[in-house]
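Peer 1: Starting off with a structure, shown below.
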Amino acid sequence: MEYVKLIGVLIIVLGFAFKLDTLAVVIIAAITTGLASGMSITHMLTMLGKGFMDNRMVSLFCLALPMIGVVERFGLREAAINIIKKFKNITPGKLQNYYLILRDVTGMCGINIQGQVQFVRPLISPMAQAAASVKHKLNKDQIELIKGRSAATDNFGNFFGQNLFIASSGVLLMASTMKSLGHAIKPTSISLWSIPVCLVTLVIVWLYNMHFDKKLKSMNDDTIKEDK
């Protein structure tokens, strides 16, 4: 009868296999497991509440989603687009290069601007699209390319810039792991050796973003020829 307590695992497997609502499946699995283990409803609710409170910092990112939705509802995207249209010579590649530098500098200072959800989606991507649509209207493929390029630039800046800060979690994890393996490596050494890697990445991504501008221009030229 001890195997009955594993019914929650079966419920999760079946729920995911049939693509049911994830949150509902997990809650049902938790309640079913508790009942099969002989727990009372009060005890289960107490355990769930304690688990949430002990790990509430992990779920704080969920607050970003409704917050971004609210600020977008009140015109954040439109304000960003209007600002970028005032700069005549700005291009998606140039904008993303400036954002890449910002990502590296903030990473070096230990400031995490949170990237994709909080920055790229509501600000950087719309601004890049606005910069590209000054002379020509964008088609669906161009919009998707700009979205992808904006997200990729953020990833490069975050991944190679975060280790520039000596007290970042990645640096401390690498230092502690190497120490446990018998290699006494200081966090300062990791940060110092991250500088040339970050600079090389900056140059490569910078050139790629410039090439991205040429690619968009070429797509616009092809569209004009087709219209004629």
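Peer 1: Where residues in region 86-97 are over 18 Å from Lys147 (Cα atoms) and not hydrophobic (A, V, I, L, M, F, W, C), which of them is least open to solvent (accessible area, probe 1.4 Å)? Can you show your working first?
Peer 2: Step one: filter region 86-97 for residues over 18 Å from Lys147 (Cα atoms), giving 86-89.
Checking the rest, the ones that are also not hydrophobic (A, V, I, L, M, F, W, C) come to 86, 88-89.
Details: Lys86: 161, Lys88: 180, Asn89: 125 Å².
Filtering first and then ranking leaves Asn89.
Peer 1: If Lys137 passes every condition in (1) open to solvent by less than 60 Å² (accessible area, probe 1.4 Å); (2) within 19 Å of Ala80 (Cβ to Cβ) but one, which one does it miss?
Peer 2: Among (1) open to solvent by less than 60 Å² (accessible area, probe 1.4 Å); (2) within 19 Å of Ala80 (Cβ to Cβ), the lone unmet condition for Lys137 is (1).
Peer 1: Is it the case, given these coordinates, that Phe52 is under 22 Å from Lys147 (Cβ atoms) and at pLDDT below 85? Step through it out loud before you land on a result.
Peer 2: On the way: under 22 Å from Lys147 (Cβ atoms): no; at pLDDT below 85: yes.
Against the criterion (under 22 Å from Lys147 (Cβ atoms) and at pLDDT below 85), Phe52 does not qualify.
Peer 1: OK, next. Are there helices (runs of 4 or more DSSP H) fully within region 68-173 with at least 2 residues that are over 18 Å from Lys217 (Cβ atoms) and of a type in the set (Gly, Ala, Ser)? List them.
Peer 2: On the way: elements: 76-84, 92-108, 125-132, 140-161.
By residue number, 76-84, 140-161.
Peer 1: Taking Ile146 as the residue in question, decide whether it is within 22 Å of the chain's Cα centre (by Cα) and surrounded by 13 or more Cβ atoms within 10 Å (Cβ to Cβ). Walk me through it before giving the result.
Peer 2: Numbers: within 22 Å of the chain's Cα centre (by Cα): yes; surrounded by 13 or more Cβ atoms within 10 Å (Cβ to Cβ): yes.
Against the criterion (within 22 Å of the chain's Cα centre (by Cα) and surrounded by 13 or more Cβ atoms within 10 Å (Cβ to Cβ)), Ile146 qualifies.
Peer 1: For Leu173, all conditions in the list (1) hydrophobic (A, V, I, L, M, F, W, C); (2) touching a Ser or Thr at 6+ places or on another chain (Cβ under 7 Å); (3) more than 25 Å from Ala80 (Cα to Cα) hold save one; what is the number of the exception?
Peer 2: Just one mismatch for Leu173, condition (2).
Peer 1: Here are some residues: Ala130, Ala36. Which one is out of contact with any Asp or Glu (no Cβ under 7 Å at 6 or more places or on another chain), within 21 Å of Gly148 (Cβ to Cβ) and modelled with pLDDT of 75 or more? Reasoning before the result, please.
Peer 2: Numbers: Ala36 fails: within 21 Å of Gly148 (Cβ to Cβ).
Step by step, each of Ala130, Ala36 is checked, and only Ala130 is out of contact with any Asp or Glu (no Cβ under 7 Å at 6 or more places or on another chain), within 21 Å of Gly148 (Cβ to Cβ) and modelled with pLDDT of 75 or more.
Peer 1: Moving on. Residue check: is Asn220 of a type in the set (S, T, N, Q), open to solvent by less than 50 Å² (accessible area, probe 1.4 Å), at pLDDT below 90 and part of a helix (DSSP H, G or I)? Steps first, please.
Peer 2: Working: of a type in the set (S, T, N, Q): yes; open to solvent by less than 50 Å² (accessible area, probe 1.4 Å): yes; at pLDDT below 90: yes; part of a helix (DSSP H, G or I): yes.
Yes, satisfied.
Peer 1: Of all residues in region 80-104, how many are in contact (Cβ under 8 Å) with a residue 40 or more places away in the chain and closer than 23 Å to Val203 by Cβ?
Peer 2: Matching residues across region 80-104 total 13.
Peer 1: Hey, another quick one. If you check Phe212, Phe160, which single one turns out to be of a type in the set (A, V, I, L, M, F, W, C), within 30 Å of Asn89 (Cβ to Cβ) and either modelled with pLDDT of 90 or more or open to solvent by 70 Å² or more (accessible area, probe 1.4 Å) (or both)? Please lay out each step first, then the result.
Peer 2: On the way: Phe160 fails: either modelled with pLDDT of 90 or more or open to solvent by 70 Å² or more (accessible area, probe 1.4 Å) (or both).
On inspection, the qualifying residue turns out to be Phe212.
The values are calculated or read from the model by the stated rules, or taken from the named source; none is laboratory data. The model shown is predicted, which means the values in this text are computed figures rather than measured ones. As a convention, Cβ positions derive from the backbone with ideal geometry for all residues, glycine included, and neighbour counts pool all protein chains shown. We work out accessible area using only protein heavy atoms, side chains counted, and drop any ligands, DNA or RNA first. Shrake-Rupley method; radii C 1.70, N 1.55, O 1.52, S 1.80 Å.
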